[in-house]
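Everything on this sheet refers to the single structure shown next.
We did not get these values from a lab; they are worked out from the coordinates using the rules stated. Since the structure is predicted, the reported quantities are computational estimates derived from the model, not experimental observations. Note that we place each Cβ from the backbone using ideal geometry, even for glycine, and neighbour counts take in every protein chain shown.
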Amino acid sequence: MTERTVLLLSGPNLNLLGEREPEVYGRTTLDELVLAARAVAEEHGCGLEHLQSNHEGVLVDAVHAARGQHAAIIVNAGALTHYGWSLHDALAAFDGVIVELHLSNPQRRESWRSTSVIAPVADGVIAGFGADGYPMAVRSALRLLERRS
Ligand code: DQA
C-alpha cells in the first residue's frame, strides 16, 4: 500500500461546480476544491489524487484500482449518493478509510436526498460546510488513518 495517499472522487455534475446552482453549492470550482484539499494533504506529507466522472462505472473502476494503492477515499458521489449501489458495493470492498463528503447538507433538502447508500460503508460523513468541507474531509481522513496505525 502507498501509505498516506488519498483518492478524492467526484461524481456526476460536480464538474459544473462554480456555475451549477451556486446558491446551493457555492461559487468555488471543482479545480479550486481539489487544490485546497491537496494543499492540506501535502501539509501532512500525503499525496492526493482526484478523479471526477459523470459515469458510475468509471467511479467503480477507480475504487477497484484504489485497492492496495490508496490509504483513504474521500467521495462526493453527487446524486449517486442516493442510489449508486454499485458504488456502495465497490467501496465495501475497499479496506482503507472512507469519508463521504457533500457541499450541501442533503438531510435538509428534498426527501429523496435523505437516503445515502454511501453512508453505510463510510467511516464518517462531512456535509453542509460548502467548500470548507474539502480540507475538513482530508484532515478527518488523515486523523482516522492515524488512529488505525
Ligand atoms: C451533493 C448533494 C447531492 O444530493 C447532489 O446530487 C450533488 C451534490 C453535495 O455535494 O451537496 O450533486 O453531493
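As a footprinting exposure proxy, order HIS88, HIS50 by other Cβ within 10 Å, with the fewest listed first. Before the final figure, lay out the partial values.
On the way: HIS88 20, HIS50 17.
Fewest to most other Cβ atoms nearby, the residues stand as HIS50, HIS88.
Measure off 7 Å from each Cα along the Cα-to-Cβ vector at ARG108 and ALA93, then give the distance between these two points in nanometres to one decimal.
Simple spin-label model gives 3.8 nm for this pair.
If each Cα of the range 12-80 is one equal point scatterer, what is log10 of I(q)/I(0) from the Debye formula at q = 0.20 Å⁻¹?
Summing over Cα pairs of the range 12-80 leads to -0.94.
Tell me, LEU30, LEU103 in order of fewest to most beta-carbon neighbours within 10 Å? The partial results should precede the final answer.
Numbers: LEU30 19, LEU103 23.
So the residues, fewest neighbours to most, are LEU30, LEU103.
For the range 82-144, build the convex hull from the C-alpha positions and give me its volume per residue in Å³. Mind showing how you got there, number by number?
Working: hull volume 4.5 nm³, N = 63.
Convex hull of Cα atoms, per residue: 71 Å³.
Report, in deg cm²/dmol and to the nearest 500, the calculated mean residue ellipticity at 222 nm for the chain, where each DSSP H run with n ≥ 4 adds -39500 (n - 2.57) and the sum is divided by the residue count. Intermediate results must be reported in sequence, preceding the final value.
Working: 5 runs with 53 residues, N = 149.
That calculation yields -10500 deg cm²/dmol at 222 nm.
Please report the relative contact order for the range 5-148, taking Cα pairs under 8 Å with a sequence separation of at least 6, and give it as a percent rounded to a whole number. If you can, show how the numbers build up before the last one.
Numbers: 259 pairs, mean separation 39.4, N = 144.
For the range 5-148, the relative contact order is 27 percent.
How long are the three semi-axes of the equivalent ellipsoid of the chain, in whole Å, if each is the root of 5 times an eigenvalue of the C-alpha gyration tensor, listed from largest down? Please report the intermediate quantities before stating the final value.
Values: eigenvalues 94, 63, 38 Å².
Its equivalent ellipsoid spans semi-axes of 22, 18, 14 Å.
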